[in-house]
Amino acid sequence: MNTADVTTRWVRPAEGGPELFLAAPADGAPVATVVVGQELFGVTSWVRGVCERLAAAGYAAVAPDFYGREAERVELPYDDTGRVEGFELLGSLTAEQVTADTAAALALGASLGGGPGRAFVGFSVGGHLGLLAGTRLPLDVVAACYPTWTLEGGTPLADDHPPLTERGAAALAAHGTTVLGLVGAEDHIVPPEQWERITERLTTAGVGHDLVTYAGVPHGFLCADRPATHRPAETADAFARILAALAGLSAVPTV
């Protein structure tokens, strides 16, 4: 399947809340549902492209417009102005809203008649949101790509609810969630010492995990629309690992 075999649309949940960008196979039910967590800059064309890529692999890929309560379908520039506005919008988001938006995305995927598997693939801020959602909702897989502020504060959301506290890690373990983590060794936001602490926290809690470090690679390396930090070879490897982690969703039993 390729992206020509995929349909996309924005969907407003019947129960209210922000819109959801949906990409799904054009023919047949999806294998499972994958929530896609945006970077700081919103549900950009690159994020929507990730959804299409996952849909081409057979999944219902749903990206919640997490900022939608404040500004709908925002696409911020990848510069200092975009970062300032992104942090303002992120500051308005609560853990309860993240949970509600993720649940709405999962429900949309399930409504398409696919398998029961549930995953979250997030990038930077989206990695944080995926881990946070996984502490509150049963997810089979969280693929967290260079996830920010997981162990301590740094934004209002993380100040209140860092996802990988001991309690948060225990919740992931209780849900049976497997964590795939992908980071560059030159990441200035998720440095190697923090990655080691994350590894220890997940190991101690009994969370199944595979944390990968790419030598010489900076933060944001997966985003092809950010040429200064994009690394094509590592991106190809990372997406292969993500798809491999998601492949097990087809074997998730129906409850």
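Taking region 68-108, how much of its Cα-Cα pair set, in percent, is spaced more than 12 angstrom apart?
Working: 537 of 820 pairs.
Summing the P(r) tail past 12 Å for region 68-108 gives 65 percent.
How much of the DSSP beta bridge set in region 36-179 is antiparallel, as a percent to the nearest 5? All intermediate terms of the calculation are to be shown ahead of the outcome.
Details: 2 of 11 bridges.
Expressed as a percentage, antiparallel bridges in region 36-179 total about 20.
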Worksheet entry | Normalised contact order of the chain, rounded percent, pairs of Cα under 8 Å and 6 or more residues apart | 16
Worksheet item: Which residues in region 33-56 have a backbone N closer than 18 Å to a point placed 7 Å from the Cα of S92 along the Cα-to-Cβ line?
Response: 38-44
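Whole number please: convex hull volume per residue, Cα atoms of region 126-172, in Å³. Present the calculation step by step, with values, prior to reporting the outcome.
Working: hull volume 2.9 nm³, N = 47.
Hull volume normalised by residue count: 61 Å³.
Kirkwood Rh and Cα-based Rg: tell me the resulting Rg over Rh for region 111-216, rounded to two decimals. Kindly include the intermediate steps, with their values, before the conclusion.
Values: Rg = 13.1 Å, Rh = 13.6 Å.
Taking Rh as the inverse mean 1/r over Cα pairs, Rg/Rh reads 0.97.
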Discussion item. Treating region 12-106 as a set of equal point scatterers at the Cα positions, no solvent, please give the Debye-formula log₁₀ I(q)/I(0) at q = 0.15, 0.18 Å⁻¹.
Written reply: -0.57, -0.79
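Nearest-5 percent of antiparallel DSSP beta bridges in the chain? Walk me through the intermediate numbers first.
Numbers: 12 of 36 bridges.
Beta bridges within the chain, antiparallel portion: roughly 35 percent.
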Worksheet item: Which residues in region 49-81 place their backbone N less than 18 Å from a point set 7 Å from the Cα of D159 along the Cα-to-Cβ direction?
Response: none
Worksheet item: Which entry in [x] 54, 39, 33; [y] 45, 41, 37; [z] 94, 56, 40 matches Cα extents along the principal axes in Å derived from the coordinates of this structure?
Response: [y]
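For R241, what charge total do you get from the other residues with a beta carbon under 15 Å from its beta carbon, if Lys and Arg give +1 and Asp and Glu give -1? Each step should come with its number before you reach the end.
Working: positive: R53, R231; negative: D210, E234, D237.
Result for the local shell: -1.
Bear in mind that the values in this text are calculations on the coordinates, not laboratory data. What you see is a predicted model, and the numbers here were worked out from it, not measured in a lab. Glycine gets a Cβ as well: all are built from the backbone with ideal geometry, and neighbour counts include every protein chain shown.
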